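Structure first, then comments.
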Amino acid sequence: MVVENTLILPDTDAGVHHASELLRSGHLVALPTETVYGLAGDARNDAAVAAIYEAKGRPSFNPLIVHLPSVEAAHRYVVWNEMAEALAHAFWPGPMTLVLPLKEGHGLSPLVTAGLETVAIRLPAHDLARKVLTVSECPLAAPSANPSGKISPTTAGHVMAGLNGRIAAILDGGPCPVGVESTIIGVYDGTPRLLRPGGLSMEDAEGALGRPLAGAGAGITAPGQLVSHYAPGAKVRLNATTREGDELLLGFGEMDCDLNLSETGDVTEAATNLFPALHTLDALAPHGIAVAPIPNHGLGLAINDRLNRAAAPRD
Ligand code: TXA
Ligand code: MG
């Protein structure tokens, strides 16, 4: 779908209503969530969902997350269970996505789930996203609002740079406070599984469940976890403490570097700064980006997941 001009809508009631009208009539709108900007479309509308894949250049085997306003709304689409209840009670609305079995007669476009018998759902905490979910009365399929494989967007400017002319509008809610995508937890087969680390720490999720999270398991994964992803134009080198050649150095903690994710060594602050820093460095078109080691606790796990993909060999 080619759109002449992508509108920037303001963070006002008028902006929310305009975004909701566009979504109800099958158009695509990028919305702020607390994690990253999502590229939203009506999850019941085949044409809208197909347009999401097209606008992102996303392979159609990679299913989307459905955003909902309430747990009651979730009951319409999924078969609920006790693990989902414990996690939803502790962390929704918030940066967590649950993968659950689809309920019969759910009414979602089959393109959303890429033919799987499970669906990923999330209640976002961001005020604007919640308002649009309420006003539009649409379940909203929304992947991150970036071209497939590129750095995720945490500002309206990032979305514009990647998708201008490919989507109807962007609702501008300023920078996203969490900065990395939601943690995806599979609760569809009796064993809670961490499918993607993200904005909710694994430690917190395990605390609420009272048991450890299993890995994705053989053959079961978030299909979107392609190895090369979040990729800036430059080659990325990890666990660096100094620059090599004319690399730019992205630091963590007290050190001499070009840009610092967190001078105080705080992994939550570093998560918020990660994608903006990669966008900033990428815009300078360096020969290489070197990144300091990041501890693997708390949101450090999500940061290292994204950095490992950014550094992976490209096809
Ligand atoms: O924070 C977020 O999660 C953001 C905001 C916009 O909500 N969304 C996001 O969507 O990161 P996306 O499409 O970039 O990543 C969704 C991930 C993909 O890796 C996809 O494969 C996985 O969710 N996924 C979706 N449905 C699934 C399912 N039924 N089973 C396993 N993984 C699934
Ligand atoms: Mg994404």
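Of all residues being open to solvent by less than 40 Å² (accessible area, probe 1.4 Å) and assigned to a helix (DSSP H, G or I) in segment 280-308, which is nearest to His158 (Cα to Cα)? Just the residue, please.
Step one: list which residues in segment 280-308 are open to solvent by less than 40 Å² (accessible area, probe 1.4 Å), which gives 281, 286, 288-292, 294, 298-300, 302-307.
Of the ones still in play, those that are also assigned to a helix (DSSP H, G or I) are 281, 300, 302-307.
Working: Leu281: 13, Gly300: 23, Ala302: 20, Ile303: 19, Asn304: 21, Asp305: 21, Arg306: 17, Leu307: 18 Å.
My answer is Leu281.
Return the pairs, sorted by first residue and then second, in which the second residue is charged (D, E, K, R), the first residue lies in segment 129-143 and is more than 16 Å from ligand 2 (Cβ to nearest atom), the beta carbons are less than 6 Å apart, and the residues are 6+ apart or on different chains.
Ser136/Arg24; Cys138/Asp42
Could you name every one of the strands (runs of 3 or more DSSP E) located completely within segment 115-221 that has at least 2 residues being open to solvent by less than 30 Å² (accessible area, probe 1.4 Å) and within 27 Å of Asn5 (Cβ to Cβ)?
On the way: elements: 118-122, 169-171, 183-186, 193-196.
Where strands (runs of 3 or more DSSP E) fall fully within segment 115-221 and carry at least 2 residues being open to solvent by less than 30 Å² (accessible area, probe 1.4 Å) and within 27 Å of Asn5 (Cβ to Cβ), they are 169-171.
Residue by residue through segment 22-34, note down the ones that are in a helix (DSSP H, G or I) and without any contact (Cβ under 8 Å) to a residue 24 or more places away in the chain. Walk me through it before giving the result.
Start the filter on segment 22-34 by keeping residues that are in a helix (DSSP H, G or I), which leaves 22-24.
Once the filter is applied, which keeps residues that are in a helix (DSSP H, G or I) and without any contact (Cβ under 8 Å) to a residue 24 or more places away in the chain, segment 22-34 yields nothing.
Just one of the numbered conditions (1) of a type in the set (D, E, K, R); (2) within 16 Å of ligand 2 (Cβ to nearest atom); (3) open to solvent by less than 40 Å² (accessible area, probe 1.4 Å) is not true of Asp42; which one?
Unmet condition: (2).
Name the pairs whose Cβ atoms lie under 8 Å apart, with the first residue in segment 109-122 and not assigned by TED's automatic domain parsing to the domain that holds Asp189, the second surrounded by fewer than 22 Cβ atoms within 10 Å (Cβ to Cβ) and assigned to a loop (DSSP other than H, G, I, E, B), and 6 or more positions between them or separate chains?
Hits for this filter: zero, empty list.
Could you list, in sequence order, the residues of segment 10-30 that are among the aliphatic types (A, V, I, L, M) and open to solvent by less than 10 Å² (accessible area, probe 1.4 Å)? Steps first, please.
Residues of segment 10-30 among the aliphatic types (A, V, I, L, M): 14, 16, 19, 22-23, 28-30.
Those that are among the aliphatic types (A, V, I, L, M) and open to solvent by less than 10 Å² (accessible area, probe 1.4 Å): Val16, Ala19, Leu23, Leu28, Val29, Ala30.
Name the residue that is nearest to the chain's Cα centre (by Cα), counting only residues in segment 76-87 that are open to solvent by 10 Å² or more (accessible area, probe 1.4 Å) and in contact (Cβ under 8 Å) with a residue 12 or more places away in the chain.
Quick first cut of segment 76-87, residues open to solvent by 10 Å² or more (accessible area, probe 1.4 Å) only: 76-77, 79-83, 85-86.
Still in the running and in contact (Cβ under 8 Å) with a residue 12 or more places away in the chain: 76-77, 79-81, 83, 86.
Values: Arg76: 23, Tyr77: 21, Val79: 23, Trp80: 23, Asn81: 24, Met83: 22, Ala86: 22 Å.
If we take residues in segment 76-87 being open to solvent by 10 Å² or more (accessible area, probe 1.4 Å) and in contact (Cβ under 8 Å) with a residue 12 or more places away in the chain, then Tyr77 is nearest to the chain's Cα centre (by Cα).
Yes/no per residue for (1) surrounded by 15 or more Cβ atoms within 10 Å (Cβ to Cβ); (2) under 26 Å from Asn273 (Cα atoms); (3) outside the structural domain of Pro276 (by TED's automatic domain parsing):
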{"residue": "Pro32", "(1), (2), (3)": "yes, yes, yes"}
{"residue": "Pro69", "(1), (2), (3)": "yes, no, yes"}
{"residue": "Glu72", "(1), (2), (3)": "no, no, yes"}
{"residue": "Trp92", "(1), (2), (3)": "yes, yes, yes"}
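Write out, first by first residue and then by second, each pair whose Cβ atoms fall under 6 Å of each other, whose residues are 6+ apart or on separate chains, and whose first residue, in segment 6-20, is in the same structural domain as Asn164 (by TED's automatic domain parsing) and among the hydroxyl-bearing types (Ser, Thr, Tyr) while the second is part of a helix (DSSP H, G or I) and open to solvent by 10 Å² or more (accessible area, probe 1.4 Å).
Ser20/Val135
If you scan segment 54-75, which residues turn out to be in a loop (DSSP other than H, G, I, E, B) and either touching a helix residue (DSSP H, G or I) at 6+ places or on another chain (Cβ under 7 Å) or farther than 19 Å from Val99 by Cβ (or both)?
Result: Gly57, Ser60, Leu64, Leu68, Pro69.
Per-residue answers, yes or no, for (1) within 13 Å of the chain's Cα centre (by Cα); (2) within 19 Å of Asn164 (Cα to Cα); (3) more than 9 Å from ligand 1 (Cβ to nearest atom):
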site: Arg24; (1), (2), (3): no, no, yes
site: Leu31; (1), (2), (3): yes, yes, no
site: Val36; (1), (2), (3): yes, yes, no
site: Ala47; (1), (2), (3): no, no, yes
site: Glu54; (1), (2), (3): no, yes, yes
site: Gly57; (1), (2), (3): no, yes, yes
site: Ser70; (1), (2), (3): no, no, yes
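Could you look through segment 263-278, keep only residues that are crowded, with 20+ Cβ neighbours inside 10 Å and small (Gly, Ala, Ser), and pick out the one that is nearest to Ile289 (Cα to Cα)?
Ala277
Do the conditions hold for Ala51, that is, is it assigned to a helix (DSSP H, G or I), touching a strand residue (DSSP E or B) at 6+ places or on another chain (Cβ under 7 Å) and small (Gly, Ala, Ser)?
Numbers: assigned to a helix (DSSP H, G or I): yes; touching a strand residue (DSSP E or B) at 6+ places or on another chain (Cβ under 7 Å): yes; small (Gly, Ala, Ser): yes.
Yes; evaluated as a whole, the condition is true for this residue.
The values are calculated or read from the model by the stated rules, or taken from the named source; none is laboratory data. Being a predicted model, the structure only gives us computed values, none of them experimental. Backbone-built Cβ (ideal geometry, glycine too); neighbour counts: all protein chains shown. The protein model used for the area step is the full one, side chains on, heavy atoms only, and it has no ligands, DNA or RNA in it. Shrake-Rupley method; radii C 1.70, N 1.55, O 1.52, S 1.80 Å.
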